[in-house]
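Asker: Quick one: the structure is below, and I'll ask about it shortly.
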Amino acid sequence: MRSWGSVSPCLVLLLLGLCLVGVVLVGGKECNNVPTERVSHTIRARGIEKDATSLGEEAVGAADDGAWKGGQDLGGGVLALPKLGALLGSWRKLLASDGWNQRRERDESLPVNLNRAVGNEIDDDVLVEFDDWGQAWRTIAKSLVDGNDAKRAEISRTHVTLQSQVADEIVTRRGSSESVVDRTSIPGDRIVSQPEPAFVGLLKDVSLHKVRLGADSPQFMAQNTNLQYLLELDVDNMMWSFRKVSNLNAPGQPYGGWESPASELRGHFVGHYLSASALMWASTHNEVLHEKMNALLGALKECQMSIGTGYLSAFPSEFFDRFEAIEYVWAPYYTIHKIMAGLLDQYLLAGSKDALDMVVEMANYFYKRVKTVIEKFTIERHWRSLNEETGGMNDVLYRLYTVTGDNKHLELAHLFDKPCFLGPLALQADHLSGFHSNTHIPIVVGAQMRYEVTSDLIYRSIAEYFMGIVNSSHSYATGGTSVSEFWTDSMRQGDTLHTENQETCTTYNMLKIARTLFRWTKDIKYMDYYDRALINGILGTQRGQQPGVMIYMLPMGPGVSKGRSYHGWGNKFNSFWCCYGTAIESFAKLGDSIYFEDDGEIPSVYVAQFVSSDFVWDSAGLVLHQSLKPLNAEQSILEVTFSFSHATIVRASQDAVIHVRLPSWVRGCRAHLNGQEIESLIPGKFLSIARAWSSDDELVLLLPMSLGLEKIQDDRAQYSALHAIMYGPFVMAGLSTGDWKLGHKENLTQWVYPVPAAYHSQLSTFSQFHVNGEYSGSLYLACNNGTAIMRYAPEDGTDECGLSTFRVSDPFGNYSQLSAGDDKRLVSLELFSQPGIFLQHNGEDKPISTGPPSCLQHKTMHSVKKRLQMLGDCPAKGSVFFYLPGLTGKSGTVSFEAVDKPGCFLSSSFSGSSVLGGVFLRCKTSRNDNTLNAFSTFDVQMGVAAYHPVSFIAEGQHRNFLLAPLNSLRDESYTIYFDMG
């Protein structure tokens, strides 16, 4: 057995490099399917919840110090989980497919799918031999290796320093006649040295300190909701488990969920909080948050000093004894990664020297642990332990190396580059099926960082290939990936549509990969992906503006809801799932990736996203203002305006270049600079303008939005008709409890059209005040399974809101037709969430039901004359009512009289047998029928549901669908993929 100390650092790196391209050094590498090493967070959490319940609240809350010191289990120990081989599948031998000894061009052929090349036998202990990988790699990637050698010769630096985002404070007041920028120097103890770029041509990140979101943008509202949540969380409660492990007094109460003392993943959210608060402080300079995150750092420092070894976590170090012994434990390195990344972010974004000291101590501690494992056993034992989820350990260690330059950190980073996963990607083989998605996406993020640190082109190739196959063969229309946390076979998404799709952690990490690829290549396709995934997969994962209420999965099935999945909406103090952690980071950095800078002789900025915002462009001595005109479906133009003002420090007038992304989804676009039209704009390219910009300049970009269809990524015939409806980058979800039959493919604009602007003001909700037994309050007119009912007040953002809102429509398209006086007009009551479905009566004393009268059309193309002709033959005149003042005479009330049944009115049940009742057509028996008058009079208010500005109506074979952006929905039932066969 070769000891660690007898191998030179250079040889270690060489051996690790050979491992990656597949040369077996000490036996075979394996990515196995042992359940304790491959199981999802959800399954582990279920077991822990069950175990914690059996303990009882007292046992969990009253953990004694002795148990914490000794690492004894408090409900977060070894879980008796069944074998999951049948669920997860097994690793197959890598060279089962033919043709690997020939170079394959990705753009000309489909990727090899290892999982289809062999049978479906299950073997939990398969070892995948990589003996032939060296030859395969030499054949496939010789040009990359040759190019890599040349690249290295050009680069004199041994590592790259990450860009610090500590910068001058910007406080921008928007909405006034002028933008005032107050730039104040940050105290020196928070300043980090100015970095250098990695490679010539690589785009530079723009500091979050330099960007402020516009107060009128949805991104600002989402950021502010997240800020409120970060401010609500209590430092003592977050620190409770850390202090217990450190044998310190622990005031407060531990939070629940995955941060509870029973969870083996406890502490992970605190790491995310460190990152999120650093990102949010850079984005807002909120001083209350700054004080809170400094208090958290101080408490963590006390814990690390108390332990005395450099170790820092909310669980005892004995968890790593189990990890290194290949015994069951819930992903301890996953949590350590979050803590280390959070500390590093606190240094890079907020300049905390204490945070840097702590993360260095942690890295040195784990360097010694891994070194001991390799000395005691073999490097193979370490590789095997990586079958457990380790988060982005390689990424954070590469980032740390760029700060410290310490080779120990570089070597340790290499040791978390999982060879058995990255190797096939280096060979451009799609082997993703069966892998836990969010275990492995961060490894690719780390591979990207390895490329930036070492300039090794193999890792660039890995990232580009990985992004390509995920986006083309393993993704949904939203840009998200994974089903029940795992990947399925390539081009096999059709039978994965249900509630447990698109873990939001995976979207968070895929966005990292996409933005880095854009920085490397300036290829717009990566920002097109970024836009789609951010808009559909991140922005809609908060429940409106409720702080701390977020989702884990984004359901994709027919008739699903964000609130109806295994996890549903989380609780701000008792969830703390992995996706809560990535969410608070995502919503803290929404100013990220809007702008990038090019490090050339002439100041140059790339506008990659269209978001109302201000960017302090120091190199040009300017502040760039971007504003968006509110988008609506009828106009279908995204109008973006760029204007300029001089920064506080005014530079001499100089040329500067602005490059504006023209998305690939645009069908023709226009631009005007100071009123002069710019010609020859090409979608999928950049609009680049160089000039000496001044405060008099204005650049206006007009991007036409259009509808389109996107087929599901499945090449089987039975799924060929499944398509999502896109509107630019927006996924349009149809309000539906399960219907998904559209039956169209051609001429999209003939059967999908914008909700007319006039419809927005026609939405109303009707209610009555009832007193019955113990209940006293308003009941609302609504529909339930095709029948009109009176129900309790609907909760905002639910299906019940849509079923309690009606469009008071004119069946003839013109209220002047057949008018019966100023106080009486003809109307029909259309269900908000079911366009084309109307309330209709079925005769005296019969329940009011719903139906689709053939004479009542939506399309404004029908003339009044045509509508009158259709009405003459209409079999459903029961859908037309006189809309008149309430029969009781009360102000602000209305009643509905059937046109074909004079003296008969919509009336709630007055049997007195139930608080909730049906709605009937009741006819007057006398002029002063006070009882009927009361139950036929409704208070009227603005609809409790409203059309989104970007809403469409899609005509289906059996019913019509109201389409709205997926990210605008909360608990409403929806369908994304429609059957168009």
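The values are calculated or read from the model by the stated rules, or taken from the named source; none is laboratory data. This one's a predicted model, so the numbers in the text were calculated from it and none came from an experiment. Glycine also receives a Cβ, built like all others from the backbone with ideal geometry; neighbour counts cover every protein chain displayed. These area figures cover heavy atoms from the full protein model, side chains too; ligands, DNA and RNA do not enter into them. Shrake-Rupley method; radii C 1.70, N 1.55, O 1.52, S 1.80 Å.
Asker: List, please: which pairs have Cβ atoms under 7 Å, are six or more places apart or on different chains, and start with a residue in the stretch 884-904 that is closer than 12 Å to residue 937 by Cβ and basic (Lys, Arg) and end with one that is buried (at least 18 other Cβ atoms within 10 Å of the Cβ) and at pLDDT below 95?
Answerer: As it stands, the answer is none, since no pair meets every condition given.
Asker: Could I ask something else about it? Listed residues 677, 710; which is open to solvent by 30 Å² or more (accessible area, probe 1.4 Å), without any contact (Cβ under 8 Å) to a residue 12 or more places away in the chain and not in a loop (DSSP other than H, G, I, E, B)?
Answerer: Working: 710 fails: without any contact (Cβ under 8 Å) to a residue 12 or more places away in the chain.
After ruling out the rest, the residue left standing is 677.
Asker: Tell me, yes or no, whether the stretch 457-475 has at least one residue that is part of a loop (DSSP other than H, G, I, E, B), in the same structural domain as residue 498 (by the TED database) and modelled with pLDDT under 95. Write out each step before concluding.
Answerer: Within the stretch 457-475, the subset part of a loop (DSSP other than H, G, I, E, B) is 474.
From what is left, the residues that are in the same structural domain as residue 498 (by the TED database) are 474.
Imposing the further condition that a residue be modelled with pLDDT under 95 reduces the set to none.
No, the stretch 457-475 contains no residue that is part of a loop (DSSP other than H, G, I, E, B), in the same structural domain as residue 498 (by the TED database) and modelled with pLDDT under 95.
Asker: Among the residues of the stretch 627-642, write down those that are open to solvent by less than 40 Å² (accessible area, probe 1.4 Å), polar (S, T, N, Q) and either farther than 21 Å from residue 732 by Cα or modelled with pLDDT of 95 or more (or both). If you could, list the steps in order and put the result at the bottom.
Answerer: Kept after step one, since they are open to solvent by less than 40 Å² (accessible area, probe 1.4 Å), are these residues of the stretch 627-642: 631, 633, 636, 638, 640-642.
Still in the list and also polar (S, T, N, Q): 636, 641.
641 - this is the single residue of the stretch 627-642 that is open to solvent by less than 40 Å² (accessible area, probe 1.4 Å), polar (S, T, N, Q) and either farther than 21 Å from residue 732 by Cα or modelled with pLDDT of 95 or more (or both).
Asker: Now, a different point. Going by what's in this entry, would residue 219 be described as open to solvent by 10 Å² or more (accessible area, probe 1.4 Å) and in contact with a strand residue (DSSP E or B) (Cβ under 6 Å, 6 or more places away or on another chain)? Show your work before the answer.
Answerer: On the way: open to solvent by 10 Å² or more (accessible area, probe 1.4 Å): yes; in contact with a strand residue (DSSP E or B) (Cβ under 6 Å, 6 or more places away or on another chain): yes.
Taking the combined requirement at face value, the residue satisfies it.
Asker: As an exercise: evaluate residue 300 against (1) over 28 Å from the mean Cα position of the chain (by Cα); (2) buried (at least 24 other Cβ atoms within 10 Å of the Cβ); (3) under 16 Å from residue 391 (Cβ atoms) and give the number of the one condition it does not meet.
Answerer: (3)
Asker: Does the stretch 465-476 hold any residues that are in contact with a helix residue (DSSP H, G or I) (Cβ under 8 Å, 6 or more places away or on another chain) and surrounded by 22 or more Cβ atoms within 10 Å (Cβ to Cβ), and which are they?
Answerer: Within the stretch 465-476, 466, 470 qualify.
Asker: Still on this model: Give the residues of the stretch 551-568 that are surrounded by fewer than 24 Cβ atoms within 10 Å (Cβ to Cβ) and touching a residue at least 60 places away in the same chain (Cβ under 8 Å), sorted by residue number.
Answerer: Hits for the stretch 551-568 are 557, 558, 559, 561, 563, 564, 565, 566, 567.
Asker: Let me ask something additional. When residues of the stretch 790-812 are filtered for being among the aromatic types (Phe, Trp, Tyr) and either modelled with pLDDT of 95 or more or surrounded by 18 or more Cβ atoms within 10 Å (Cβ to Cβ) (or both), how many remain? Explain how you work it out, then say what you get.
Answerer: Pass one, the stretch 790-812, residues among the aromatic types (Phe, Trp, Tyr): 792, 806, 812.
Checking which are either modelled with pLDDT of 95 or more or surrounded by 18 or more Cβ atoms within 10 Å (Cβ to Cβ) (or both) leaves us with 806, 812.
Qualifying residue count, the stretch 790-812: 2.
Asker: Can you name the number of the only condition in (1) in a helix (DSSP H, G or I); (2) open to solvent by 10 Å² or more (accessible area, probe 1.4 Å) that residue 336 fails?
Answerer: Every listed condition holds for residue 336 apart from (2).
Asker: Continuing with this model, one more query. Scan the stretch 519-550 for residues that are of a type in the set (A, V, I, L, M), open to solvent by 10 Å² or more (accessible area, probe 1.4 Å) and touching a helix residue (DSSP H, G or I) at 6+ places or on another chain (Cβ under 7 Å) and jot them down.
Answerer: At the first step, the residues of the stretch 519-550 found to be of a type in the set (A, V, I, L, M) are 524, 527, 533-535, 538-539, 549-550.
Those still in the list that are open to solvent by 10 Å² or more (accessible area, probe 1.4 Å) too: 534-535, 539, 549.
If the condition is that a residue be of a type in the set (A, V, I, L, M), open to solvent by 10 Å² or more (accessible area, probe 1.4 Å) and touching a helix residue (DSSP H, G or I) at 6+ places or on another chain (Cβ under 7 Å), then 534, 535, 539 are the ones that fit.
Asker: Here's something else I'd like to know. Being open to solvent by less than 10 Å² (accessible area, probe 1.4 Å) and more than 21 Å from the chain's Cα centre (by Cα) is the filter here; which residues of the stretch 257-280 pass it?
Answerer: 261, 262, 263, 264, 265, 267
Asker: Among the residues in the stretch 199-216, are any in contact (Cβ under 8 Å) with a residue 60 or more places away in the chain, in a helix (DSSP H, G or I), open to solvent by 30 Å² or more (accessible area, probe 1.4 Å) and not assigned by the TED database to the domain that holds residue 605?
Answerer: no
Asker: Just a yes or no: is a residue in the stretch 406-414 open to solvent by 10 Å² or more (accessible area, probe 1.4 Å), under 20 Å from residue 503 (Cβ atoms) and part of a helix (DSSP H, G or I)?
Answerer: no
Asker: Taking the stretch 764-789 as the search range and keeping residues that are outside any strand (DSSP E or B) and without any contact (Cβ under 8 Å) to a residue 12 or more places away in the chain, which one is most open to solvent (accessible area, probe 1.4 Å)?
Answerer: Filtering the stretch 764-789 for residues outside any strand (DSSP E or B) gives 773-774, 785-786.
Checking the rest, the ones that are also without any contact (Cβ under 8 Å) to a residue 12 or more places away in the chain come to 774, 785.
Details: 774: 194, 785: 147 Å².
Ranking the candidates gives 774 first.
Asker: Residues in the stretch 344-362: is at least one closer than 27 Å to residue 286 by Cβ and part of a loop (DSSP other than H, G, I, E, B)? Explain how you work it out, then say what you get.
Answerer: Restricting attention to the stretch 344-362, the residues satisfying the condition of being closer than 27 Å to residue 286 by Cβ are 344-359.
Still in the running and part of a loop (DSSP other than H, G, I, E, B): 351-352.
Yes, the stretch 344-362 contains a residue that is closer than 27 Å to residue 286 by Cβ and part of a loop (DSSP other than H, G, I, E, B).
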